[in-house]
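Since the structure comes first, as structure tokens, the remarks are kept for the end.
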Amino acid sequence: MIQARAVAGRWRQLRWWADAGLVATLFAIPWIRVGGEPLVLLDIPARQFHVFGLVIFPQELYFLWLLLAGAALALFLFTALFGRLWCGWACPQTVFTDLFAAVGRRIQGWGGPRPPKRVALWRRVATHGVWFALSMTIGFHLVGYFVPPQELLAGLRAGTLGPSATGFLVVIGVLAYLDFAIVRQTFCTLLCPYARFQGVLMDPDSMVVGYDPGRGEPRGKKGTTEGDCVDCGLCVQVCPTDIDIRHGLQLSCIACTQCIDACDGVMERLDRPRGLIAYRSLRDLEGEGATRVLRPRVLIYAVLLAVSVGSFGYLLAAREPLDLWVSHNRTALVSRMADGRLGNAFTLRLENRARADRVFRLRLEGDAPGFELVAGVNPIDVAATSSVEARVFVLAPAGYDERGAARTALRFVLEPVDAPDRNLVRETHFLLGGSRGGA
């Protein structure tokens, strides 16, 4: 169902520009590549997350956590300052619902703010057809954050797209259609969790879309009452969540500003000042003094956000361009060679976080001399932003099982061939038969 009444005005125009920018950004990001790599790609099969030039490996998910924590704290900060700015201006639910409603009005032949008295069947069918096409486009680009859209498009054309990607694409597209074409702002009023806890984030100094009862009441027709509100009801008719802003701040208000534009239009026609409904704080509405910007909750959110950003920057600066994990091969923990020597099997995982292919050399150090490293390939080539598993053996000196300790400390040294001074050392132990100690 399309919103019952359209609205025009300065806030609506600003929101159209914001909607266009956000939709373009959402659709463009999966296609953008920097240095041959995607700007954002959550590559789950490869266990890599490309986020604005940073390649995050599974062992570095704290980077992703800090990004999400920073985004949440930024939302808390902006909510404390500007109320439901996210809901009205940046939430995909609001943005795409606006887009679907605008497309529907154009197809169904709206000539003004009100719907036509009769909409032909072919127009209604065409509306839902275009909505479904838009939904599949949204689904394609959302899947593009997990599968490069170039590969996704090539797979669709050739009919070789895997069942997982195909199912994901269809499910996301259908859900988008049901959400933006059918559910619409009902999601905001009944399902959105943010609407439930926004009251905890806001205070009397937070900016909200509010009606000024001191100026508007008592309401009534022009010339019959002293209040500026003429009780035309336009603020209710344009509200996508069907609330009456004159009843005060309500849970269902998404701060979309449509009631502001509707009321300002009426005030202009009546030669009265705009702003009967406007962005203002509850403190201002209740006449309790000037709005305070710097207050405890704002400072707390700002400090926590700064800590999150600072931690991210520090960890990024201290990040090593390589890593090495060492573990005993549990299926062949201890073996005896043909010459009688004991051997331990190890599995090594070499991770190259740099954006260039690199070559690494492995060598062995230990507390006891005579241990020998046996590797099928050494040095080892590791492609840029990727990892390689290698299986190696460590052989003990002859007669070690008779005089050696049950556990002898060993150190694997990973040495970049192009930077031998940037060695990485990982400690483990050589185990005798019967010992089940770990690396």
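Every number here is computed from the coordinates shown, using simple stated rules; none is lab data. Nothing here was measured: the structure is a model prediction, and the numbers come from that model. All Cβ positions, even for glycine, are placed from backbone atoms using ideal geometry, and neighbour counts span all protein chains on display.
Once fully extended, how much extra length lies between Arg422 and Val40, figured as 0.36 nm per residue of separation less the alpha-carbon to alpha-carbon distance?
134.6 nm
Suppose every Lys and Arg Cβ carries +1 and every Asp and Glu Cβ carries -1, with no other charges. What dipole size does the chain come out with about its Cα centre, to the nearest 20 debye?
Value, rounded to 20: 1360 debye.
Amide H neighbours of His429 under 5 Å, counting only residues 5+ apart in sequence or on other chains, H built in-plane at 1.01 Å?
Amide H neighbours of His429: Leu410.
For the chain, which cysteines have no disulfide-compatible partner, meaning no other cysteine Cβ under 4.7 Å?
Cys87, Cys91, Cys188, Cys192, Cys229, Cys232, Cys239, Cys253, Cys256, Cys263
Using the Cα centre of region 1-319 as origin and beta-carbon charges of +1 (Lys, Arg) and -1 (Asp, Glu), tell me which of Val147, Gly35, Gly173 is placed farthest towards the positive end of the dipole.
Among Val147, Gly35, Gly173, the one farthest towards the positive end of the dipole of region 1-319 is Gly173.
Take the chain, connect every pair of alpha-carbon atoms lying under 10 Å apart with a spring to form a Gaussian network, then pick out the residue of Gly139, Gly53, Gly167 with the largest mean-square fluctuation.
Sorting by GNM fluctuation, first place goes to Gly167.
Ordered by packing density, taken as the mean number of other Cβ atoms within 10 Å over each peptide's residues, highest first, how do 391-397, 294-300 rank?
Ranked by mean Cβ neighbours within 10 Å, highest first: 391-397, 294-300.
Please compute the length gained on full extension between Ala306 and Ala72, using 0.36 nm multiplied by the number of residues separating them and subtracting their Cα-Cα distance.
83.0 nm
Mean separation of Cα pairs under 8 Å and 6+ residues apart, divided by the residue count of the chain: what relative contact order is that in percent?
RCO, the chain: 13 percent.
Quick check on region 172-303: take the gyration tensor over C-alpha atoms, sort the square-rooted eigenvalues as a ≥ b ≥ c, and tell me if it's rounded (a/c under 1.5), prolate or oblate.
Oblate, because a/c is 1.5 or more while a/b does not exceed b/c.
For the chain, set up a Gaussian network in which alpha carbons nearer than 10 Å are linked by springs, and say which option among Asp339, Asp323, Asp357 fluctuates the most.
Taking springs between Cα atoms under 10 Å, the residue moving most is Asp339.
Could you list Phe52, Phe360, Phe82 in order of exposure, starting from the residue whose Cβ has the fewest other Cβ atoms within 10 Å?
Phe52, Phe82, Phe360
According to the square roots a ≥ b ≥ c of the eigenvalues of the Cα gyration tensor, what is the shape class of region 55-96, taking rounded for a/c under 1.5, prolate for a/b larger than b/c otherwise, and oblate for the remainder?
In terms of gyration-tensor shape, oblate.
For a protection proxy built on the mean count of beta-carbon atoms within 10 angstrom, sort 145-158, 83-96 highest first, please.
Descending packing order for the listed peptides: 83-96, 145-158.
FRET efficiency for Phe187 and Trp325, Cβ-Cβ distance as r, R0 = 45 Å, nearest 0.05?
The pair Phe187/Trp325 has a calculated efficiency of 0.55.
Helix check for the chain. Which DSSP H runs span at least 18 Å along their own axis by Cα, with a mean Kyte-Doolittle hydropathy no less than 0.0?
Both cut-offs are met by 10-28, 61-82, 92-107, 121-143, 163-177, 296-317.
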